[in-house]
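Please read the structure below before turning to the comments.
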Amino acid sequence: MPKFNVYIEREDKKLEVTLASSRPTIKELLERLKLNSVAVLAIVNNEVCTEEETISPKDNIKIVSVVSGG
């Protein structure tokens, strides 16, 4: 099972996450981390990614919170 290094900006925390799929998606990663995809953005290799995009263990993955206000 592949392992992914993930940085969660809001918590200033680096995690190593294991996912069962050999070609997991951002959605699977967020579900494993119990994060709401509406409340965060996934940035992979310095590019904002959609939930459907696949990731690999060598990717640089950063999760940032979406902030809105009025």
**Asked** Once you sort the root eigenvalues of the Cα gyration tensor of region 1-64 as a ≥ b ≥ c, which label holds: rounded (a/c under 1.5), prolate (a/b larger than b/c) or oblate (the other case)?
**Response** rounded
**Complete:** For the pair Lys27 and Val66, the simple spin-label estimate (label points 7 Å beyond Cα toward Cβ) gives in nm 1.5
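With a 1.4 Å probe and every protein chain left in place, work out the accessible area per residue of the chain in Å², rounded to a whole number. Intermediate values should be presented prior to the final figure.
Details: 4840 Å² over 70 residues.
On a per-residue basis, the chain sits at 69 Å².
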**Message:** Given a 1.4 angstrom probe, I'd like the percentage of the accessible area of the chain that is carbon and sulfur, rounded to a whole number.
**Reply:** 47
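Work out the FRET efficiency for Val48 and Glu9 from their Cβ-Cβ distance, taking R0 = 22 Å, and round it to the nearest 0.05. Please list the in-between numbers first.
Values: r = 13 Å, r/R0 = 0.60.
It comes to 0.95.
The values are calculated or read from the model by the stated rules, or taken from the named source; none is laboratory data. This structure is a prediction, so every number in the text was calculated from the model and none was measured. Ideal geometry is used to build each Cβ from the backbone, glycine not excepted, and the neighbour counts take in all protein chains shown. The protein model used for the area step is the full one, side chains on, heavy atoms only, and it has no ligands, DNA or RNA in it. Shrake-Rupley method; radii C 1.70, N 1.55, O 1.52, S 1.80 Å.
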